[in-house]
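Read the structure below first, then the notes.
The values are calculated or read from the model by the stated rules, or taken from the named source; none is laboratory data. Note that this is a predicted model, so its numbers are computed, not measured. Cβ coordinates were reconstructed from backbone atoms using ideal geometry, including for glycine residues, and neighbour counts include every protein chain displayed.
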Amino acid sequence: MVKIKPIIGIVGRLYSGESNIICAEEVRLAVTKFGGIPLLILPVDKYEMSCKNLYSEEEIKDLENVLNLCDGFILPGGDTWYILDEVVIDYAIKWDKPLLAICLGMQALSKVLSGDERIGYDNTIKNDTFINHLEPNKSYVHSVIIDKNSKLYNIIGEQEIWVNSRHSYHVPLINNNLVNARSSDGLIEGVELKDRKFIIGVQWHPESLIDKDESSRKIFSKFISSSQKFH
């Protein structure tokens, strides 16, 4: 039996003030470092990348032709998520394909898992706690407590880890069975689906820490191995 490198679909991001849809280099490098092949997933609709333009059935079929090429998916951080993110999430859940959702991606995943059917609607709220969660220049900002009954704990093997933090908004209340980690101020730092192979979201950025942080390496290693193909 021969291992075949898994193709990892990375959703493209359009950042405020930019005119190019991009893939964060740290995410691409993390995928290749752990044995995956990165593939940038772009919108297939004829309009601008937007939360407002609903996908037609034909456009969803076109997108699924791309998603069928992928063995796993990453929803990276960014400014705004789009209908594209929600289509990818629904697809990953339906076909039980591994999905790693990071920061904004975790917020999109949480929104879908919450059952909120308002497509493209951002239901996050502004941070207002004693921890400053927006410190993009620091490697470690605060600790995270991981649920011992979670898939995330099985991957990392530690109940408390230190993480970076780059978000101004956070996920509001969600079914506690979906939450796998919280910061000491109570904010949701991770979500997961326990009945799927690997549908996990984290609020921090493990792709930025893989050269110095064992827990980040474990997350990417497990994600890629869960996406692994054999021939």
Open item on the list: Suppose we keep only residues that are surrounded by fewer than 18 Cβ atoms within 10 Å (Cβ to Cβ) and touching a residue at least 60 places away in the same chain (Cβ under 8 Å) within region 108-141. Which one would you say is nearest to P43 (Cα to Cα)?
Closed with: I119
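Residue-wise test of (1) in a loop (DSSP other than H, G, I, E, B); (2) modelled with pLDDT of 95 or more.
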{"position": "G17", "(1), (2)": "yes, no"}
{"position": "P38", "(1), (2)": "no, yes"}
{"position": "N53", "(1), (2)": "yes, no"}
{"position": "E64", "(1), (2)": "no, no"}
{"position": "V87", "(1), (2)": "no, no"}
{"position": "A101", "(1), (2)": "no, yes"}
Task: Counted residues, region 168-184 - those being surrounded by fewer than 21 Cβ atoms within 10 Å (Cβ to Cβ) and in contact with a strand residue (DSSP E or B) (Cβ under 8 Å, 6 or more places away or on another chain) - done: 8
Task: Within region 110-228, strands (runs of 3 or more DSSP E) holding 2 or more residues that are within 19 Å of D79 (Cβ to Cβ) and at pLDDT 95 or above - done: 199-202
